[in-house]
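Report on the following structure.
Bear in mind that the values in this text are calculations on the coordinates, not laboratory data. Being a predicted model, the structure only gives us computed values, none of them experimental. All Cβ positions, even for glycine, are placed from backbone atoms using ideal geometry, and neighbour counts span all protein chains on display.
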Amino acid sequence: MGRWEPDTAERLRAAAMELFAAVGYEETTVAEIADRAGVTSRTFFRYFADKPEVLFADSENLEREMVAAVATAPAGASPRAALDAALDRAATILSGRADFARRRHAVISGNGALRERETMKMARLSDALATALHDRGVPEPLATMSAHAGVAAFHVAFAAWADDPATDMRQAMADNVDALAAVVLRPGR
């Protein structure tokens, strides 16, 4: 296969996931991923900075899409409605790549260094959403707290959905945000 074919990045992702499932993440090398995808190791590095980026490269796209959803929410939308739009966008994107998303989650869950990298990506997403909310006029610290709460709701719902395909991710995210709101609004605290 030619290294410049338009689906090279996707072939590399698919090859990596097959190998991670068959022999394990730690045991899989970049050379093996490239070979399985029909390209050279050098070509692999044109698409991904390192082996973990096979799992994390799409997170920037997810972040951009979620930020765009906050930015394009109706002008009078509350912070919650703007975050709901971002969470809905995330659910749409992840549902369209459900098999990869679930396999990715399994690989990351089984590796401490990858879980740490995922945590850093979630923190970056929280910061980006906080900036988007602030740009909409939501004052600090409400913008930051809202963004962190929304990402927490997303993260927990995503894990439930990844572990159990019967889980409705959108409903789980909404339920998680409602549960957080109930804790904050709990009378008698």
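When the helices in the chain are scored as -39500 (n - 2.57) per DSSP H run of 4 or longer and the sum is shared across all residues, what 222 nm value do you end up with, to the nearest 500 deg cm²/dmol? Before the final figure, lay out the partial values.
Values: 10 runs with 141 residues, N = 189.
Value at 222 nm, helices only: -24000 deg cm²/dmol.
Given R₀ = 25 Å, FRET efficiency for Thr72-Arg124 by Cβ-Cβ distance, to 0.05?
Result of the calculation: an efficiency of 0.75.
Given 20 °C and 1.002 mPa s, how large is the Stokes-Einstein diffusion coefficient of region 58-185 in µm²/s, with Rh as the Kirkwood radius over Cα pairs?
After rounding, the answer is 146 µm²/s.
Return the single residue from Leu133, Leu142, Leu12 with maximal mean-square fluctuation; model: Gaussian network over the chain, springs between Cα atoms under 10 Å.
Leu142
Modelling each spin label as a point 7 Å along the Cα-to-Cβ direction, I'd like the Asp178/Ala49 distance in nm, to one decimal.
4.0
Span-like helices, the chain: DSSP H, alpha-carbon axial extent 20 Å or more, mean Kyte-Doolittle -1.0 or greater, which ones?
Helices meeting the criterion: 8-23, 79-96, 112-135, 142-163, 169-185.
Round to the nearest 0.05 the FRET efficiency obtained for Thr29 and Gln171 when R0 = 45 Å and r is the Cβ-Cβ distance.
Calculated value: 0.65.
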